[in-house]
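This report concerns only the one structure given below.
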Amino acid sequence: MSTFTPFLANPNPHADSGRPGVALVSISRLQSLCEAVAPRYAGRAKFFTVREGYGAAVATLQAYVDAGSVDVVLSAGSNGAYLREHLNVPVVMVKVNGFDVLSAITRATATWPGARIGLVLHEAIAHELTDLSPLLNVDLRQCAYRSIDEVRLAVEQLGADGCSVVIGAGMACDFAQQAGLESVFLYSLAAVEEAFERSVELARVSRQKESKRVRLNTIVAHLRDGVAAFDEAGQLEAVNPAMLELLGLDASKEVPLGDALKDVPKEALEDIPADIANLPAQVTRTLAPLLRATLAHDQPVDEHIEQIGGRALIVNCVPIVEQGARTGFVVTAQDALVAQRIDRSLRTSQRPKHLVARHQLADLIGASAALERVRRLARAGAAHDATVLLTGESGTGKELVAQGIHNASRRRGNPFVAFNCAALPEGLIESELFGHEEGAFTGARRGGKPGLFEIAHTGTIFLDEIGEMPAALQSRLLRVLQEREVMKLGAGRATPVDVRVIAATHRNLHALVEQGAFRADLYFRLNLLQIELPPLRERRGDIAPLARHLLERSALQYGLSAVALERVLAFLAPLFEHYAWPGNVRELENLLVRAAIYAGALPEDSAGGTASDASDDWRAVFPEFGRLRPAAAIEAPASAAVSVNTPPRATPTREDALLALERSGGNRAAASRALGIGRTTLWRLLKD
């Protein structure tokens, strides 16, 4: 007869996987009782009969346990105790209760009155029965056993003591018959039914737990992060292939969970607590320090950096707490390079869509030598990630150049964030640039807020009016430039950022440093690649083509016809040649928009009014004509009927230039604006 026989189940143990499997293991008379009870539970479980015991039963069962066909084993006596020690599935024992013993004694005394009765029990005798024997009028002897050999010895001893009837398990009854003694089988049908009930329910729960475990292991196995789970004693319970790969191990081989550290050198085991000294050797070298730290402080270890085989890993160790008690640990590991790629992807995907640079260096209109020099220096700076400092008067196009540098660099396509350092109070500037954690200050945004440096990660941040930055924040900006990391308000650690900084100012930072209004170390950090943008009056040859470009861009928006466009350009020509343009390109653009709007509303000649009326209208719209220098006194085009009656203005002298320079605190740009001359002219006056 087969040692492993499906009973009331599909002949294929792997089929019918919906019901749990119960193995009925017995080499004695208990088997017949089990087979009598089993049909009642056929709908709840599938049963397998194993007619072997001890080591032979373990060898037969283990393959089916590993395959998941058997969830619970039902047995009794020393055979069940042996299986419980050598199998990794629950073993349910058929338990003998007091009623079973009394019932067996009653049957023995009724069948063989006056006979001395021997009782063979597993593990321990029942002292209560010894005290009850006189009351029951029974001559009772007891023996206990733990193994099959002890059963034989117990029966022989009872026979030698004069017992003619033996009560016990199936093996005891068999040995008694071989010795010529009478026997009574101890186990009752009710005891077997109770064991079946426990086995089937335990098998159902085990099958559910195993299903959840397999599902969880399948999920964990497909994670890119490494995961290892340990019990409270430090025994490795699970590890996924990603963890093995991160630790430099062969992920295709099965890790021997629970193996001793026999392959680890003695010195490697120093300071490892005893409760984690039985971890598998492959994992202990890296993870033991984390478990030690968690055990010592009873706190999680978060984002600990470990260098393993030339690879940086971000490792976490978190205690597992169930019903208020710690039951183990979970260790996770991630490749730092992968984390950086994910961080870049997240910052890129979550950044506001408007943080883009719209302009190219080609958008700088003009062919003057000064502008060509700006283009050349900007292209050279775009090829590197060094900090750029743009200087020049307001309105010269510093942000346009900054956007052009960004779009000409390898960072194009990544965020371009512009911030005016003079636009907000000091407290708000700090929060905007560096961000804050939740609760960092009253009114802080729920969940915190990333700063502009974080938003600009992998891209460019343009800090306009850097000369206006408060002194208290200059040191924080210097740290960002030096360490390439930002510290949020209320945060406990810094956040690394990969940002290219372009700063701009219309002020003389060198003079501010000498006055103590600007940090010298920050100035030298910013002043690495300096590009000075020329004012519009120093490149007058670019004004006409630039004006045409700007006006054509606005023509459609304001309904300006081609004829009107040419008339506006002709009318403004004197300004192009002789106006000082203190507002530079920004002023030119505003003037052109004004001209486009009013071109159709103002009179073209004296029709419907006097020439003086037309002249007054145009003068009111374009007061810039009243600020022309005497050498630029012009006659307005006939079509505009403009008369310019500006009193002559004396040419500035060297004394005027020195006085203006003194009043402006040494700022040559401000002095030249005050005198209404270019910086080149100012320099010539001072030289003369």
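Points to keep in mind about this one:
- The stretch 392-417 - residue that is small (Gly, Ala, Ser) and farther than 13 Å from ARG379 by Cβ and, of those, surrounded by the most Cβ atoms within 10 Å (Cβ to Cβ): ALA402
- Scanning the stretch 488-529 for residues that are more than 18 Å from GLN474 (Cβ to Cβ) and among the polar types (S, T, N, Q) gives a single hit, THR495.
- Selection of the stretch 38-60 for residues being among the aliphatic types (A, V, I, L, M) and surrounded by fewer than 17 Cβ atoms within 10 Å (Cβ to Cβ) yields ALA42, ALA56, ALA59.
- Per-region count, the stretch 32-80, residues part of a helix (DSSP H, G or I) and of a type in the set (Lys, Arg): 1
- Just one of (1) part of a loop (DSSP other than H, G, I, E, B); (2) modelled with pLDDT under 80 fails for THR5. It is (1).
- One residue alone among LEU551, LEU536 is touching a Phe, Trp or Tyr at 6+ places or on another chain (Cβ under 8 Å) and touching a residue at least 40 places away in the same chain (Cβ under 8 Å), and that residue is LEU536.
- The set of residues from the stretch 81-127 being in contact with a Ser or Thr (Cβ under 9 Å, 6 or more places away or on another chain), part of a strand (DSSP E or B) and under 26 Å from SER199 (Cα atoms) comprises VAL91, VAL92, MET93, HIS122.
- The residues of the stretch 544-572 that are modelled with pLDDT under 85, within 26 Å of GLU393 (Cα to Cα) and aliphatic (A, V, I, L, M) amount to a single one, LEU572.
- Residue in the stretch 120-132 that is closer than 20 Å to ALA76 by Cβ, at pLDDT below 90, within 60 Å of the chain's Cα centre (by Cα) and not small (Gly, Ala, Ser) present: yes
- Scanning the stretch 181-197 for residues that are part of a helix (DSSP H, G or I) and in contact with a Gly (Cβ under 9 Å, 6 or more places away or on another chain) turns up nothing.
- Within the stretch 503-533, the residues that satisfy the criterion of being among the small types (Gly, Ala, Ser), over 17 Å from ALA402 (Cα atoms) and touching a residue at least 40 places away in the same chain (Cβ under 8 Å) are ALA511, ALA517.
- Filtering the stretch 664-682 to residues that are over 15 Å from PRO582 (Cα atoms) and modelled with pLDDT under 75 leaves only GLY665.
- Checking the stated criteria, ARG224 turns out not to satisfy the condition of being under 25 Å from the mean Cα position of the chain (by Cα), more than 18 Å from VAL73 (Cβ to Cβ) and in a helix (DSSP H, G or I).
- Of all positions in the stretch 152-168, none carries a residue that is under 19 Å from ARG84 (Cβ atoms) and in the same structural domain as ARG107 (by TED's automatic domain parsing).
- Residue pairs meeting the criteria (Cβ under 7 Å; at least 6 apart or on separate chains; first modelled with pLDDT of 90 or more, in the stretch 392-407; second part of a loop (DSSP other than H, G, I, E, B) and polar (S, T, N, Q)): GLY404/GLN360; ASN407/GLN360
- Apart from one condition, THR106 fits all of (1) in contact (Cβ under 8 Å) with a residue 12 or more places away in the chain; (2) surrounded by fewer than 17 Cβ atoms within 10 Å (Cβ to Cβ); (3) hydroxyl-bearing (Ser, Thr, Tyr); the exception is (1).
- Search result, residues across the stretch 74-97 that are without any contact (Cβ under 8 Å) to a residue 24 or more places away in the chain and within 19 Å of PHE185 (Cα to Cα): none
- Candidates in the stretch 435-476 are the residues that are outside any helix (DSSP H, G or I), among the small types (Gly, Ala, Ser) and surrounded by 15 or more Cβ atoms within 10 Å (Cβ to Cβ); of these, the one that is modelled with the highest pLDDT is GLY459.
- Scanning the stretch 330-361 for residues that are more than 21 Å from ARG224 (Cβ to Cβ) and modelled with pLDDT of 80 or more yields ALA357, ARG358, HIS359, GLN360, LEU361.
The values are calculated or read from the model by the stated rules, or taken from the named source; none is laboratory data. Since the structure is predicted, the reported quantities are computational estimates derived from the model, not experimental observations. Counting neighbours? That spans all protein chains shown, and the Cβs are built from the backbone with ideal geometry, glycine included.
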